[in-house]
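Asker: Take this structure first; my questions come after.
The values are calculated or read from the model by the stated rules, or taken from the named source; none is laboratory data. Here the structure is a predicted model, which is why all the values come from computation and not from measurement. Cβ placement follows ideal geometry from the backbone for every residue including glycine, while neighbour counts extend to all protein chains displayed. Note: areas computed on protein heavy atoms with side chains; ligands, DNA, RNA excluded. Shrake-Rupley method; radii C 1.70, N 1.55, O 1.52, S 1.80 Å.
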Amino acid sequence: MYSRYMSSPERLIESTRELLWERGYVGTSPKAIQQLAGAGQGSMYHHFAGKSDLALAAIRRTADEWRATAEDVLGGTGSAYERIEAYLLRERDVLRGCPVGRLTMDPDVIASDELRAPVTETLDWLRGRIARIVEEGQERGEFAASLDPRAIAATVVATVQGGYVLARASGSPATFDFGVRGLLALLFAATHPPA
């Protein structure tokens, strides 16, 4: 699956990321990681102290890439509304779920302060980033001053994460899209108050 030019640690991290997304922490065995990575047990334990150490490296990488993808959209050009809209409408593999959000459903990740930390930090970062965009919009008169930027940010994140859950439960990305479009309609109304 992975390029033979990738180092063993890279193949192990990428394999772990894939398996965590698909199976969760408990369902990701060292043997499955090794098989997917095309690496032996000796290689795995030479580079990583164990499954938890490897999972932490994989979760950190997933979180870093997820943040970079979000920042590409949120840090783009346009009004505050347009940047939030671009984030909400960006292309996603909705039925697969969020690689960061799904980790919050994994009891072993949540029970571990170390494994949970990158997940919590990433979701906190996203809420903070969106709140700052709302504040920018308020400063420029795009959003009503009465809006609570933190509440709007939490609503955006909850809509996306809840949208993944609804889409997976229904087997259709349409439920995700429906939720996102509903939130956008509410935000649009907040940027264009009636005369």
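Asker: Which one of the conditions (1) open to solvent by 30 Å² or more (accessible area, probe 1.4 Å); (2) part of a helix (DSSP H, G or I) does GLY78 fail to meet, given that it meets all the rest?
Answerer: It is condition (2) that GLY78 fails.
Asker: Of the residues ALA39, ALA63, ALA57, only one is of a type in the set (A, V, I, L, M), in a loop (DSSP other than H, G, I, E, B) and under 15 Å from GLU14 (Cα atoms); which?
Answerer: Answer to the selection: ALA39.
Asker: Suppose we filter LEU56, LEU19 for residues that are without any contact (Cβ under 8 Å) to a residue 40 or more places away in the chain, of a type in the set (A, V, I, L, M) and surrounded by 13 or more Cβ atoms within 10 Å (Cβ to Cβ); which single one remains?
Answerer: LEU19
Asker: Could you list all residues from region 22-53 that are within 18 Å of ALA117 (Cβ to Cβ), small (Gly, Ala, Ser) and open to solvent by 30 Å² or more (accessible area, probe 1.4 Å)?
Answerer: ALA49, SER52
Asker: For region 99-135, which positions are open to solvent by less than 70 Å² (accessible area, probe 1.4 Å) and either farther than 21 Å from LEU56 by Cα or in contact with a Gly (Cβ under 6 Å, 6 or more places away or on another chain) (or both)?
Answerer: ASP106, GLY128, ARG129, ILE130, ALA131, ILE133, VAL134
Asker: Can you say whether ARG96 is out of contact with any Cys (no Cβ under 8 Å at 6 or more places or on another chain), farther than 30 Å from ARG140 by Cα and open to solvent by 30 Å² or more (accessible area, probe 1.4 Å), as far as the supplied structure shows?
Answerer: Answer is yes for this residue.
Asker: Turning to a different aspect of this structure: State whether one or more residues within region 106-118 are among the polar types (S, T, N, Q) and more than 27 Å from SER29 (Cα to Cα).
Answerer: no
Asker: Can you tell me which of ALA158, ALA153, ALA145 is outside any loop (DSSP other than H, G, I, E, B), of a type in the set (Gly, Ala, Ser), open to solvent by 40 Å² or more (accessible area, probe 1.4 Å) and free of Cβ contacts under 8 Å to residues at least 40 places away in the same chain?
Answerer: Unique residue meeting the criteria: ALA158.
Asker: May I ask you to list the residues in region 26-74 that are farther than 20 Å from ILE110 by Cβ and of a type in the set (Ser, Thr, Tyr)?
Answerer: SER43, TYR45, THR69
Asker: As an exercise: evaluate ASP53 against (1) under 16 Å from the mean Cα position of the chain (by Cα); (2) modelled with pLDDT of 90 or more; (3) not small (Gly, Ala, Ser) and give the number of the one condition it does not meet.
Answerer: (1)
Asker: Those residues that are at pLDDT 95 or above, surrounded by fewer than 17 Cβ atoms within 10 Å (Cβ to Cβ) and not in a helix (DSSP H, G or I), I need them from region 165-194; list them, please.
Answerer: Listed by number, the residues that qualify are GLY171, SER172.
Asker: Only residues that are over 15 Å from PRO99 (Cα atoms) and touching a residue at least 40 places away in the same chain (Cβ under 8 Å): list them for region 22-51, please.
Answerer: VAL26
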